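The structure appears right after this line, and notes come after that.
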Amino acid sequence: MSLYDALARLEQRLAVLLPPQYRDRYQDMTPVPMRSAPFVYDEGGHVAWDRMWQGFCDLAMAGGPPHKGRWLAPGTEAEVTAEPERYDAVVAEIRRGIALATGLDARPSDAAGWVPVACYGEAMAEWMTRAIVMENVAARRGRIHVAMPAAPAFRVEKEVRNVITVVSKTSHYWVDHMPYSQQAAIRALFHELSLEGVVVPPVADATRLDAHAAPALVQAFAACGEAGAAPAATPGWVAVPCASVEHAIWLMRALVASNVLARREETTLLVPVHPAIDPGGTMVATRVTRVQALARHAGRA
């Protein structure tokens, strides 16, 4: 397939993935954040999560600002085991907040560090997972749920709020901005993508990665002629420097439409290290190389 045809196909896929209001302007979006909504409390002194937001920032998927500047990861099993009562309180508040803000059922945690949130089908779970990772918040997809991170150290005014906000934001765009016809088109696109190759997500627990996993991906980048990649400060990721914020956004978006759950921090593209799915990193490095070529062809590099 020529670069022209590949770029046209990518743009068609992005048009399917993005809510309608972004289709004619996502190439020119600027990541300008909104001010944080003030905390609102109910009569009992609890956070009134259903009365917190009048609107949301643009999706990071569309070129808006990621909700978090740095990666929000789940707690490790050791952290959860060390503070079980504190962890249970964090999970309870996340569940309460998500239920109030979205109406979605956030279930009791079935794995240390994660809170499953039930979705309205497989396509919603897959779309939200991709969108939330781009917001710099960990998300793990189940068949019809998306699991969100939790840890004993999470604070209500910081990390708990981050988790509730990104679930509210992404589910709002899916439920309130995506017509059923588009949701069906996204379902068909995910099936098409599954036939082309497996999805490479972030690993569930980056602390368990072998020390050689990230360097192996860096070497795969070098073999593909992509210089400059290096292990990221955050475990489980490799950092790829970009020429600008716009370049990083373009690559991130293109990769998520190519089955690599990428994210960005400022002008740095971050791609996941996942030895179980992508031994040696060849799959990720190849896909990044391909979208870099498309970015140059589109004048976005």
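Figures for the structure shown
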| item | result |
| --- | --- |
| Computed label-point distance, nm, for sites Q12 and D210 using a 7 Å Cα→Cβ extension | 4.0 |
| Relative contact order of segment 22-196, defined on C-alpha pairs under 8 angstrom at six or more residues apart (%) | 22 |
| (1) 33; (2) 45; (3) 50, with the label sought being that of the calculated percent of Cα pairs over 29 Å apart | (1) |
| Rg ratio (alpha-carbon, reference 2.2 N^0.38 Å) - segment 22-196 | 1.03 |
| Positive dipole terminus of segment 206-298, leading residue within L255, T207, A285 (C-beta point charges) | L255 |
| Per-residue Cβ neighbour rank within 10 angstrom, fewest leading, K169, K158, K68 | K158, K68, K169 |
| Ranked H46, H145, H172, H212, criterion: other C-beta atoms within 10 Å, fewest first | H212, H46, H172, H145 |
| Interchain or long-range residues, amide H under 5 Å from W237's placed H | A232, V273 |
| Extension gain, V198 back to D42 (0.36 nm per residue minus Cα-Cα distance, nm) | 51.6 nm |
| Relative exposure of I144, I164, I186, judged by other C-beta atoms within 10 Å (fewest first) | I144, I186, I164 |
| Kirkwood Rh in Å, taken over all unlike Cα pairs in segment 206-298 | 12.9 |
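Taken together, the values in this text are just the output of simple stated rules run on the coordinates, not laboratory data. It should be emphasised that the depicted structure is a prediction, and the values quoted were computed from it without experimental measurement. Positions of Cβ are backbone-derived with ideal geometry, glycine not excepted, and every protein chain shown enters the neighbour counts.
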